[in-house]
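Taking it in order: structure first as structure tokens, then the write-up.
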Amino acid sequence: MAEWYEQSFGEDYLLVYKHRDFQGAYQEVQKMISWLKLPQGSSVLDLCCGMGRHSLALADAGYNVTGVDLSNVLLREARAADTEGRVSWYQGDMRAVPLEERFDAVVNLFTSFGYFEKDEEQLKVLKEIYRLLKPGGRFIIDYLNPSYVAAHLVPHSSREDEGNWIEEHRVIEDGFVKKQIAIRSAASVTTTEAASDLGTTQADAERERVYYERVKLYPYEKFRELLEQAGLSVEQVHGSYDEDQYIEDASPRMIFVGMRA
């Protein structure tokens, strides 16, 4: 059976997360540039680049950018947006990146970490970041703040978008934050509600597409321990892209900035 991350980053992902805009990525990259302190022309790897929003913003800022992602669907979108071919795009697993080149910086953004069941698998990702960095190379890992997630978790939300009804259920369970995403035709939702006494019909069930997401919740100290095991030295930890310092009970994110030890 395929893992959740092999199934969830397909065509429907583009619908569920289409609110992630390029303008926001450009603003975040400006902050990242100030943290990385690298001259223009430096080589940057965007590990788990998705649709390439940050990769393209980094290229616009004058960096030599490579983007790697597991999803061919998201890479297709990235290539389509990269009309001038400024970024080198590769398909690959973040635990075994198919590159031998070393980079001045590696960035891993918006909780593209913690996807696996075992700590050993997450550690493989961090060791790959170490391997892919030049000696003294710098990294940014942008991860959720588990305390903030627990305090602000929305168990259920729903919305209509492009004729689709999207329902999201969230729960914290066994040390993971888990999300179930169900997508149906908005028209079928009305039909199902009208016939709710009869139960869901087979046709309704066939129209529904269900996806799962799962991220391991690593508290601050445990995450730092994993980074140290991989040979990555932390210099700063920000709580958001507003550059505020990380506060366990208040910060929405844990953004680690550092270098290969």
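Each reported figure results from applying straightforward, stated rules to the coordinates on display, with no laboratory input. These figures come from a predicted structure and were not determined experimentally. No Cβ is skipped: glycine too gets one built from the backbone with ideal geometry, and neighbour counts run over all protein chains shown.
Going by amide H atoms built from the backbone, whose H comes under 5 Å of the H on residue 65, apart from near neighbours?
Result for residue 65 returns 44, 88.
So what J values fall out for the range 140-149 if you push phi through Karplus, 6.51 cos²θ - 1.76 cosθ + 1.60 with θ = phi - 60°, rounded to Hz, Gly and Pro as x?
10, 10, 9, 10, 5, 9, x, 5, 5, 4
Structure shown: which of 37/127; 178/222; 124/179; 18/178; 134/178 lie over 28 Å apart, alpha-carbon to alpha-carbon?
134/178
Under the rule of -39500 (n - 2.57) per DSSP H run of 4 or more residues, summed and divided by the residues of the chain, what mean residue ellipticity at 222 nm is obtained, to the nearest 500 deg cm²/dmol?
Result for the chain: -9500 deg cm²/dmol, rounded to the nearest 500.
Exposed loop GluC sites (Glu not before Pro) only (DSSP loop, at most 10 other Cβ atoms within 10 Å): please give the longest stretch of the chain free of them, not including the sites.
Details: sites that count: 84, 100, 162.
In the chain, the maximal stretch lacking such sites is 163-261.
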